[in-house]
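One structure, pasted below without further comment.
What follows is calculated from the coordinates using simple rules that are stated; it is not laboratory data. This structure is a prediction, so every number in the text was calculated from the model and none was measured. Using ideal geometry, Cβ is built from the backbone for each residue, glycine included, and neighbour counts are taken over all protein chains shown.
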Amino acid sequence: TNIINILGVDFDNTTLDNFLDIVTKRITEHRRTFVVTANPEIVMYANSHSSFNTLIKAADFIIPDGIGIIIGSRIIANPLKERVTGYDVFIRLLKWGSTNGKSAFFVGAKPNVIKDLQKVVSKQYPGLTISGTQDGYYKDESSVSEAIRVASPDMVFVATGSPKQEEFINRNLNKSEALFMGVGGSFDVLTG
Ligand code: UDP
């Protein structure tokens, strides 16, 4: 995939289908993968917080979540192919994981939401192994890190909002040879 820089952030110019081909192959090969889904708020935040900017530069992929990024790419006459939302990638990966017998760990959202998510995922994606769940209001991160390390899942979805979720992923990427992705409010949406 080629890269389009928007206000200092390097976006992957891809499509949902193409992106899924790339990341599912990486998951199968147990290649650690950090995916950031960035909207205009995240681009602006990265511009004013250099440590966050450095952190997302370490991501393997930054995908354009939000029509504002697509419009921005047209303004600079370097149009991105399409919007690739975190939610769409999340749902497609659950489906792929279910079909292919993969496992996932879920971190984030309120305790009742993560409880509902467990029910919804096991019902709608029965072939996916839920390696663990943790609500997003934990006090001791080290116990969450250790749970991920022990479970060694194929995918880790973190839904605690930006920049918290990306900072968590940055600190915990070495815990599993997995795909790590911040998915914002996706647990709330799926359990809606
Ligand atoms: N959240 C969390 N822990 C926190 C703060 C937020 O788990 O300390 C969760 C919140 O419950 C919601 C999700 O993060 O499920 C997304 O929050 P928000 O909509 O603020 O983030 P955005 O999607 O705008 O990045």
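Every residue in segment 88-127 that is surrounded by fewer than 18 Cβ atoms within 10 Å (Cβ to Cβ), within 16 Å of the ligand (Cβ to nearest atom) and assigned to a loop (DSSP other than H, G, I, E, B), please.
110
For segment 8-41: of the residues being within 16 Å of the ligand (Cβ to nearest atom) and assigned to a helix (DSSP H, G or I), which is surrounded by the fewest Cβ atoms within 10 Å (Cβ to Cβ)?
41
Only residues that are under 17 Å from the mean Cα position of the chain (by Cα) and either of a type outside the set (Asp, Glu) or away from the ligand (no atom under 14 Å from the Cβ) (or both): list them for segment 129-143, please.
If the condition is that a residue be under 17 Å from the mean Cα position of the chain (by Cα) and either of a type outside the set (Asp, Glu) or away from the ligand (no atom under 14 Å from the Cβ) (or both), then 130, 131, 132, 133, 134, 136 are the ones that fit.
Got a sec? Which of 70, 130 is surrounded by 14 or more Cβ atoms within 10 Å (Cβ to Cβ), part of a helix (DSSP H, G or I) and in contact with a strand residue (DSSP E or B) (Cβ under 7 Å, 6 or more places away or on another chain)?
70
Tell me the residue from 99, 54, 133 that is under 17 Å from residue 188 (Cα atoms) and polar (S, T, N, Q), please.
After ruling out the rest, the residue left standing is 133.
Can you run down the residue pairs with Cβ atoms below 9 Å, 6 or more apart or on separate chains, where the first is in segment 173-185 and in contact (Cβ under 8 Å) with a residue 40 or more places away in the chain and the partner is assigned to a helix (DSSP H, G or I) and acidic (Asp, Glu)?
182/166
Looking at segment 176-192, which of its residues are more than 11 Å from the ligand (Cβ to nearest atom) and out of contact with any strand residue (DSSP E or B) (no Cβ under 8 Å at 6 or more places or on another chain)?
177, 192
Please work out which residue is surrounded by the fewest Cβ atoms within 10 Å (Cβ to Cβ), limiting yourself to segment 143-169 and to residues that are among the small types (Gly, Ala, Ser) and under 19 Å from residue 114 (Cα atoms).
Selected residue: 143.
Next question. Please count how many residues of segment 135-192 are among the hydrophobic types (A, V, I, L, M, F, W, C) and not in a helix (DSSP H, G or I).
10
Which pairs do you get when a residue that is over 16 Å from residue 14 (Cβ atoms), found in segment 61-83, comes within reach of a residue that is in a loop (DSSP other than H, G, I, E, B) and among the β-branched types (Val, Ile, Thr), reach meaning Cβ atoms under 8 angstrom, with the pair 6+ apart or on two chains?
Filtered contacts from segment 61-83: no entries.
Among the residues of segment 42-67, how many are within 14 Å of the ligand (Cβ to nearest atom) and part of a helix (DSSP H, G or I)?
7
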